[in-house]
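The values are calculated or read from the model by the stated rules, or taken from the named source; none is laboratory data. Here the structure is a predicted model, which is why all the values come from computation and not from measurement. Note that each Cβ is placed from the backbone with ideal geometry, even for glycine, and that neighbours are counted across all protein chains shown. With ligands, DNA and RNA removed, areas are computed over all heavy atoms of the protein, side chains included. Shrake-Rupley method; radii C 1.70, N 1.55, O 1.52, S 1.80 Å.
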Amino acid sequence: MFKSQHSVEAAKQGTLFKISKRKLPAAERVGMLQEKLYCKAKQERGYKFYILYDKMYIPYMLQEAYSRVKANGGSPGIDGQNFTDIENYGRDKFLHELGEDLRKRTYKPQAVKRVWIEKANGGKRPLGIPTIRDRVAQAVCKMLIEPIFEADFEECSYGFRPERSSKDAMKAIKEHLQEGKTEILDADLSAYFDTIPHDKLMKVLEMRIADPRIMHLIKLWLQSPIYEDGKFTSGKKQQAGTPQGGVISPLLANIYINLVDKLVNDTRKLFYKLGIKIVRYADDFVLLGKKLTEEAMEKLRSILARMGLKLNEQKTRKLQASDTAFNFLGFTVRYDKDIHGRKTRYWNIMPSVKSENKIREKLREFLRHSGHFNPIQVANGLNTILRGWLNYFDIPKISYPAMSKREIRYYLVEGLYRYYNRKSQRRNSLHGTQAFELLVSKYGLIDPTKYHVRN
């Protein structure tokens, strides 16, 4: 999983040992270290890692962490410093100073800027934005501990993990349904990221990490002050939650909820004996079985209660998937009749109505604010929206988005007709009903009905 292409080839050719490690790219050296950590953790399940902190301030670790943070982009934290500011100041100087603070153990994270993100249901969710300096430090720590815990993670989890995605999760769900595990618990945890108990999370981390300096760093991040509406809130009193937006937060969340995965998959426990499976993506998960007994449901609630978590009973529901459709990760899963009138039925996985509405809204917003764009800019802007959506929902041999593609195409035809007929009094070839076809044929606009994702 953490093996890099270079190390694989070197193992075959025997050339790696002829190359000085200092001459290897930072990403390659990080990959080699991660591979060692992963293999050690995989081979010795009970092994604790006592010395990790000294790697926090190695220059190549800092360089690779900065590259990854920069690639992810994001807004400045409370210091207002962006990547351009850092490059002007001197990236190497910036990283050297951070490394020295880490080495001398004088590093202290700054407050996390809290903003609120609009949700589709009209509500809002909090997002924490650490400074770039703190994001780089978190990225180094994540690179060190992620391979250790990856060795412990169950196969049933797919969110925020290397080489895993929502597509793999939907494939697993379809396989379980085809096996006859059609009774579903569509679970929703109440404010999971905000309710993870710090003391219990630290105990889980201590099962693998015995370096007190790493543990201290993680505790500092968990208890970072919050800056919101011009006011600072002390973080020392915080006993729960991992701020969404931090580089290391998704990994910590995965580490904690992995306890649920392990208990469901434990061959000695009730869930395994009943043939119940779990498919999880971050804090979203479904249980699938031929029969989900009330005993199993109570056991799940008991496990979550001991972890300081609970189900959102209003959003959690148990259903028979062969009779009732359910949504997961933006997809709708239905047991449909054969479209050709045959008596057979099939598992139809397609974009949900909510997901279709989201892309229509994005397309509408783009056209609303691009009245001065030329045709190439219009096509490129729309393609950016379309390509991401189509790549997500088109899973070869798993999902069936053809109908949604036709709906999006129809929406584009109508939307572009209105766009060009109100844009200018000067008529051109893009006025009228042919706007969509001309943008496709002359300017490279994606026709959703002809777009296919490769395996």
Residues satisfying the stated conditions in the stretch 67-82, i.e. assigned to a helix (DSSP H, G or I) and open to solvent by 60 Å² or more (accessible area, probe 1.4 Å): ARG68, LYS70, ALA71, ASN72
task: Give ILE395, ILE359, ILE385, ILE376 a once-over and let me know the one that is farther than 29 Å from ARG422 by Cα and either part of a helix (DSSP H, G or I) or of a type outside the set (Ser, Thr, Tyr) (or both).
output: ILE395
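Yes/no per residue for (1) at pLDDT 95 or above; (2) in a helix (DSSP H, G or I):
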residue	(1), (2)
LYS12	no, yes
GLY46	no, no
ASP54	yes, yes
TYR60	yes, yes
message: Need pairs with beta-carbon distance below 7 Å; first residue touching a residue at least 12 places away in the same chain (Cβ under 8 Å) and within the stretch 21-32, second open to solvent by less than 80 Å² (accessible area, probe 1.4 Å) and outside any helix (DSSP H, G or I); sequence gap 6+ or separate chains.
response: GLU28/SER4; GLY31/PHE2; GLY31/SER4
query: Got a number for residues in the stretch 364-393 being of a type in the set (A, V, I, L, M, F, W, C), farther than 22 Å from PRO351 by Cα and in contact with a helix residue (DSSP H, G or I) (Cβ under 6 Å, 6 or more places away or on another chain)?
result: 3
query: Could we say that SER4 is at pLDDT below 95, open to solvent by less than 60 Å² (accessible area, probe 1.4 Å) and within 27 Å of the chain's Cα centre (by Cα) here?
result: yes
message: Residue under question is ARG114, and the condition is that it be open to solvent by 30 Å² or more (accessible area, probe 1.4 Å), at pLDDT below 95 and either out of contact with any helix residue (DSSP H, G or I) (no Cβ under 9 Å at 6 or more places or on another chain) or part of a helix (DSSP H, G or I) (or both); does it hold?
response: yes
task: Return yes or no: is ASN428 closer than 25 Å to ASP336 by Cβ, modelled with pLDDT under 95, part of a loop (DSSP other than H, G, I, E, B) and open to solvent by 70 Å² or more (accessible area, probe 1.4 Å)?
output: no
field: Residue that is nearest to the chain's Cα centre (by Cα), among those in the stretch 83-106 that are surrounded by 15 or more Cβ atoms within 10 Å (Cβ to Cβ) and within 21 Å of GLY245 (Cα to Cα)
entry: PHE83
message: Which numbered condition in (1) out of contact with any helix residue (DSSP H, G or I) (no Cβ under 7 Å at 6 or more places or on another chain); (2) open to solvent by 10 Å² or more (accessible area, probe 1.4 Å); (3) under 23 Å from THR316 (Cα atoms); (4) not in a helix (DSSP H, G or I) is the only one that PHE160 fails?
response: (1)
field: First in the stretch 252-272 and under 17 Å from GLU298 (Cα atoms), second anywhere and open to solvent by less than 40 Å² (accessible area, probe 1.4 Å) and in a loop (DSSP other than H, G, I, E, B), Cβ under 7 Å, 6 or more apart
entry: LEU259/MET307; ASP261/CYS156; VAL264/ILE276; ASN265/CYS156; TYR272/ASP266
query: When the stretch 330-389 is examined, which residues are found to be among the hydroxyl-bearing types (Ser, Thr, Tyr) and either more than 15 Å from MET403 (Cα to Cα) or open to solvent by 30 Å² or more (accessible area, probe 1.4 Å) (or both)?
result: TYR335, THR344, TYR346, SER370, THR384
- prompt: What helices (runs of 4 or more DSSP H) lie completely within the stretch 173-254 and have 2 or more residues being farther than 17 Å from ASP284 by Cα?
  reply: 198-206, 212-222
field: Number of positions in the stretch 206-227 that are open to solvent by less than 10 Å² (accessible area, probe 1.4 Å) and over 21 Å from the mean Cα position of the chain (by Cα)
entry: 6
Condition check for ILE184: buried (at least 18 other Cβ atoms within 10 Å of the Cβ) and under 26 Å from ASP54 (Cα atoms): no
- request: Would you point out the residue of the stretch 277-292, among those that are open to solvent by less than 40 Å² (accessible area, probe 1.4 Å) and outside any strand (DSSP E or B), that is modelled with the highest pLDDT?
  value: LEU292
message: If the requirement is being in contact with a Cys (Cβ under 9 Å, 6 or more places away or on another chain), in contact (Cβ under 8 Å) with a residue 40 or more places away in the chain and either within 29 Å of LYS42 (Cα to Cα) or surrounded by 13 or more Cβ atoms within 10 Å (Cβ to Cβ) (or both), which of these qualifies: PRO126, PRO147, PRO130, PRO109?
response: PRO147
